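Worksheet: the structure to be examined is printed underneath.
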């Protein structure tokens, strides 16, 4: 799939004009264009990149609002610079989504009597409420437009994706779709629901043990589903996507229907008097409009079971991490041998890493676009190297590489920060504080019921001691050959009521970023495990899954406490023992040196 | 004030019968009797102890619901045992407030058509919503009764308290009431309010620099107030409470009115078109009923400014803690010299501590009833020693004493756990883990914006490593010659969005409790301070205010890291240097030994 910048017919001014003309024809004054599609997922297929088409902005989160005489693009802190580069300021005001939220802009900019349109398939209930209140405050109104006006004027709109849907084999999934359907159907009663609407494609993929390829990096089949109390499922998906034999895999309890039939099915369900669960966080307002009073607002019933991996999935994750660690270690050894040339640059280097990964068994894709940041580019948290932006890997700097892959047996996500030459004392101090936070989280134990929000400070305390911090979460959930970002758990400053439960996979990724100078992040994936024979109640801890050396040359060993040195040495011994059989002799020799005890 | 169990005319069955008869006369089927009074505070005067009168239960939190054929008392985990001892199970079912919440009981027990009464002066909006929904679910209804039926049949009801109200001098308050009134009045605009209703007596005490004595342990004058945008105040209080000269202290901008005039004043305010701020967390639903659409639901505007102590209050707190530390140290030295006799018992010992405190300058009261728990009684978190329950201080046990005082210049709250004889290895291990948690919190630094919820795990991590935990918060806010428990900050597992800000005083009190065996808690008060010259942004830390030795004999020094030993030694040096000049030579000699370096 092409991840470069898309090219559309006409210039932005022309396309904005076409949209305004279309709105005029419909008697509507304005329109809201979110980045998201009807699945509210992280990746959006080219056919649904309406925000990019309209504004040129290609970031993964954002929103435009078009009015007759003004328009604005709203992005978050990650994308301020990118929006400045991509969006024409003469056409769109560029706003920070938290500082000047869209609702406030609507309240200020809409004129009395004006009608602001929105596409209810792309908008959540919460958004409709906020935008509606803002429009009312301005004396205008918010109007649902089922027929998206962008689509009406987007002449060169790509076809929707139609990647084949295949079975996810039991030897990877560890639980049959039949068992999952029964288990989740049985849980509906607790939510006082007779059926559940599933609008998140990763939930459908997990429930039915299917995988697709409609978006980059996450093996999803874009689709909707309804799970009934009798454990049967209506799956709304284009029939031509189904690979040969998939019918047999799905079985007679899964009825295939056209996506176009989804709305009518919801209305029929509501009319039949059934109570229908739908997740206000992920289902569009359009779903709730169809369900009316039949809707029960509850969390997606697949989300938590999907997050808690079974033993087959955990074993798969361990195996995938061994192969992934071998590829990353081959890369790090290659880097160590070639960096002195002074010729290495960000894109070529990350291509090399990808090539090593592609040689691995069961490899299917990267799990996200590699972040390959040399020197000051490492300080840009969501950096994406381009020929214009890339830097060389220079002496006495840090090189940060955050990457991962989709294997049939597991999803990986790992960040290493490599010292090129000799980092200065401040850089080593910061690296070591990040490492101390990483170790504190890796070693921590906690009672049942503890949330990721409660643990977050453990990863930051060593930085906080020096008055430093990092402006991102400490850990996100990771799927099993599914999304590299998944909920409901999270390790973050933000409050989160989801307790960490055995089988959950989360990242452990503290960092430190000095703008214009360097970036540091140390990321391993860990699994929540139950610890036996300890203390007063049920106690959990983390098993580190990721296997790759952490750069000894970046550490100020005098800052480490004994238990921290012990953790690092034990981790490195495990990395060495696991990966040596999987790599060539030259890499093995480099690995032996890279993983020797810190005192040694 | 008498803190023993109150005695009422008649037995519980008789009183319950009288209430049911009164309800019958009014055509009401049931009634809700909360422990709280109309100020929603921690302490309730005898005249408002309706729950104790009706059920015999004297705990500080609870609720009874009376129906024609059934009745129940709801208490939380702290009071399960006490409710079993105090409440007649033949008259009242005894329920845990979280396991079987009152609303669920109402939904189950109320019969179709029945009317359940409640007193809107004693009930928050949230409670009215929950109880109302439950009653509706049962086919019944919730009915506001302005004239409390308990009061109608409570023959020997004590008179309401009428303690004198005095000025809190500027040399203790550090900011004039005039300045506070202007400051808070100026802040009303941000809440889009023209006036604010103050129903929390501690907010009124802070705002007007007044103190009273209507409830035990907290120098409050029970009263209501309305703060206007012009910074004038209507204070609703019995005129005879005002001590001579208080009019002059209050000044012409504070108008005195009878508490009976409060409701009409609210209605007048609403009718005049003003927007009136009221705090749904602390104001009764009755207030919102009076205000109607004029009400703005916002937090009490005095709460946060009151929590952030000014430099005069902080200096007062430091001085109060020196005197309090001297009294506690005299007590600990006395205890060390007398405990070998085997004759010391919980009540006599805590009386002795109180006597030492009463000798201190500016002492006014204890800040809460002392928790004096020997051996297994120390494991009862909210233990109150009685002649029936008290234990002797036995060899090879822990004695836990949690106590504090109200001084004119500050409020104290301190817990020490004393080793009597030689604690066993497990006890020392647990004590040392609690100490490690205490030190981790005392030493931590954190960026602006950090909440107590984020820091909570730092105090627990050392216990969590061994699979242990404690079932209470880690820290509560503390007032300045006001409530020993105050918000809005808190260090707790529970989510809390209030950032810790400079000047806030909080407790640092991790613990460990082994039921039937021993209890451990180490509590100091700390102040949030700004640290200069550190890191990337604004950085805060804690200054420990409490001064008293931590028992070296309970520590397993081999479990401490170097920075922990350094903290303890430095703390003990500070305790010794601060208190030696304030104590007699014998105590000074004991203190010198008790505070010598851990290695020494």
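Considering only segment A:544-568, state which residues are within 14 Å of chain B (Cβ to nearest Cβ), in contact with a helix residue (DSSP H, G or I) (Cβ under 8 Å, 6 or more places away or on another chain) and in a helix (DSSP H, G or I).
Scanning segment A:544-568 gives A:559, A:563, A:564, A:565, A:567.
Which of (1) modelled with pLDDT of 95 or more; (2) in contact with a helix residue (DSSP H, G or I) (Cβ under 7 Å, 6 or more places away or on another chain); (3) buried (at least 17 other Cβ atoms within 10 Å of the Cβ) does residue B:70 not meet, given it meets every other one?
All conditions pass for residue B:70, except number (3).
Going through segment A:434-457 one residue at a time, which ones are in contact with a strand residue (DSSP E or B) (Cβ under 8 Å, 6 or more places away or on another chain), surrounded by 23 or more Cβ atoms within 10 Å (Cβ to Cβ) and more than 11 Å from chain B (Cβ to nearest Cβ)?
The answer is A:434, A:438.
Could you tell me which numbered condition residue B:460 fails, if it satisfies all but one of (1) farther than 30 Å from residue B:200 by Cα; (2) within 14 Å of chain A (Cβ to nearest Cβ); (3) surrounded by fewer than 24 Cβ atoms within 10 Å (Cβ to Cβ)?
With (1) farther than 30 Å from residue B:200 by Cα; (2) within 14 Å of chain A (Cβ to nearest Cβ); (3) surrounded by fewer than 24 Cβ atoms within 10 Å (Cβ to Cβ) applied to residue B:460, the lone miss is (3).
Would you list the helices (runs of 4 or more DSSP H) that sit entirely within segment A:294-367 and hold 1 or more residues that are within 30 Å of residue A:225 (Cα to Cα)?
Here the list reads A:303-307, A:311-338.
For residue B:431, are the conditions met, namely being over 25 Å from residue B:532 (Cα atoms) and either in contact with a strand residue (DSSP E or B) (Cβ under 9 Å, 6 or more places away or on another chain) or at the interface with another protein chain (Cβ under 10 Å from one of its Cβ atoms) (or both)?
In short, yes.
Residues being closer than 23 Å to residue B:389 by Cα and in contact (Cβ under 8 Å) with a residue 60 or more places away in the chain: count how many of those fall in segment B:337-365.
1
I'd like the residue in segment A:385-403 that is part of a strand (DSSP E or B) and within 26 Å of the chain's Cα centre (by Cα) and, out of all such residues, is nearest to residue A:482 (Cα to Cα).
Filtering first and then ranking leaves A:403.
With the structure loaded, tell me whether residue B:467 is at pLDDT 95 or above, surrounded by fewer than 23 Cβ atoms within 10 Å (Cβ to Cβ) and either within 14 Å of another protein chain (Cβ to nearest Cβ) or farther than 30 Å from residue B:429 by Cα (or both) or whether it fails that test.
In short, yes.
Please go through segment B:404-444 and give me each residue that is under 22 Å from the mean Cα position of the chain (by Cα) and under 17 Å from residue B:375 (Cα atoms), ordered by number.
Answer for segment B:404-444, where residues must be under 22 Å from the mean Cα position of the chain (by Cα) and under 17 Å from residue B:375 (Cα atoms): B:415, B:416, B:417.
Quick check on this structure: which one of A:246, A:242, A:235 is within 23 Å of residue A:283 (Cβ to Cβ) and touching a strand residue (DSSP E or B) at 6+ places or on another chain (Cβ under 9 Å)?
A:235
Quick check on my filter: what residues within segment B:484-500 are within 14 Å of chain A (Cβ to nearest Cβ) and not in a loop (DSSP other than H, G, I, E, B)?
Selection gives B:490, B:491, B:499.
Which of the strands (runs of 3 or more DSSP E) found entirely inside segment B:193-292 contain at least 3 residues meeting this: crowded, with 19+ Cβ neighbours inside 10 Å?
Of the strands (runs of 3 or more DSSP E) lying wholly inside segment B:193-292, those with at least 3 residues that are crowded, with 19+ Cβ neighbours inside 10 Å span B:195-198, B:224-228, B:233-236, B:276-278.
Let's see how each residue does on (1) touching a helix residue (DSSP H, G or I) at 6+ places or on another chain (Cβ under 7 Å); (2) assigned to a loop (DSSP other than H, G, I, E, B); (3) more than 13 Å from chain A (Cβ to nearest Cβ); (4) surrounded by 18 or more Cβ atoms within 10 Å (Cβ to Cβ):
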| residue | (1), (2), (3), (4) |
| --- | --- |
| B:502 | no, yes, yes, no |
| B:520 | yes, no, yes, yes |
| B:528 | no, no, yes, yes |
| B:542 | yes, no, no, yes |
| B:570 | no, no, yes, no |
| B:581 | no, no, yes, no |
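Determine whether segment A:401-412 contains at least one residue that is away from chain B (no Cβ under 12 Å), crowded, with 20+ Cβ neighbours inside 10 Å and more than 30 Å from residue A:174 (Cβ to Cβ).
So far as segment A:401-412 goes, yes, one or more of its residues are away from chain B (no Cβ under 12 Å), crowded, with 20+ Cβ neighbours inside 10 Å and more than 30 Å from residue A:174 (Cβ to Cβ).
Within segment B:77-85, does at least one residue satisfy the condition of being under 26 Å from residue B:377 (Cα atoms), in contact with a helix residue (DSSP H, G or I) (Cβ under 7 Å, 6 or more places away or on another chain) and surrounded by fewer than 18 Cβ atoms within 10 Å (Cβ to Cβ)?
Among the residues of segment B:77-85, not one is under 26 Å from residue B:377 (Cα atoms), in contact with a helix residue (DSSP H, G or I) (Cβ under 7 Å, 6 or more places away or on another chain) and surrounded by fewer than 18 Cβ atoms within 10 Å (Cβ to Cβ), which makes the answer no.
Would it be correct to say that residue A:65 is free of Cβ contacts under 8 Å to residues at least 60 places away in the same chain, buried (at least 18 other Cβ atoms within 10 Å of the Cβ) and either in contact with a strand residue (DSSP E or B) (Cβ under 8 Å, 6 or more places away or on another chain) or not in a loop (DSSP other than H, G, I, E, B) (or both)?
Considered against the rule, which asks whether it is free of Cβ contacts under 8 Å to residues at least 60 places away in the same chain, buried (at least 18 other Cβ atoms within 10 Å of the Cβ) and either in contact with a strand residue (DSSP E or B) (Cβ under 8 Å, 6 or more places away or on another chain) or not in a loop (DSSP other than H, G, I, E, B) (or both), residue A:65 comes out as yes.
Give just the number: which of (1) on the phi > 0 side of the Ramachandran plot; (2) more than 8 Å from chain A (Cβ to nearest Cβ); (3) surrounded by fewer than 24 Cβ atoms within 10 Å (Cβ to Cβ) does residue B:481 not satisfy?
Going through (1) on the phi > 0 side of the Ramachandran plot; (2) more than 8 Å from chain A (Cβ to nearest Cβ); (3) surrounded by fewer than 24 Cβ atoms within 10 Å (Cβ to Cβ) one by one, residue B:481 breaks only (3).
Just wondering, is there one or more residues in segment A:89-112 that are touching a helix residue (DSSP H, G or I) at 6+ places or on another chain (Cβ under 6 Å), buried (at least 21 other Cβ atoms within 10 Å of the Cβ) and under 17 Å from residue A:144 (Cα atoms)?
So far as segment A:89-112 goes, yes, one or more of its residues are touching a helix residue (DSSP H, G or I) at 6+ places or on another chain (Cβ under 6 Å), buried (at least 21 other Cβ atoms within 10 Å of the Cβ) and under 17 Å from residue A:144 (Cα atoms).
The values are calculated or read from the model by the stated rules, or taken from the named source; none is laboratory data. Remember, it's a predicted structure, so these values are computed and weren't measured experimentally. Glycine also receives a Cβ, built like all others from the backbone with ideal geometry; neighbour counts cover every protein chain displayed.
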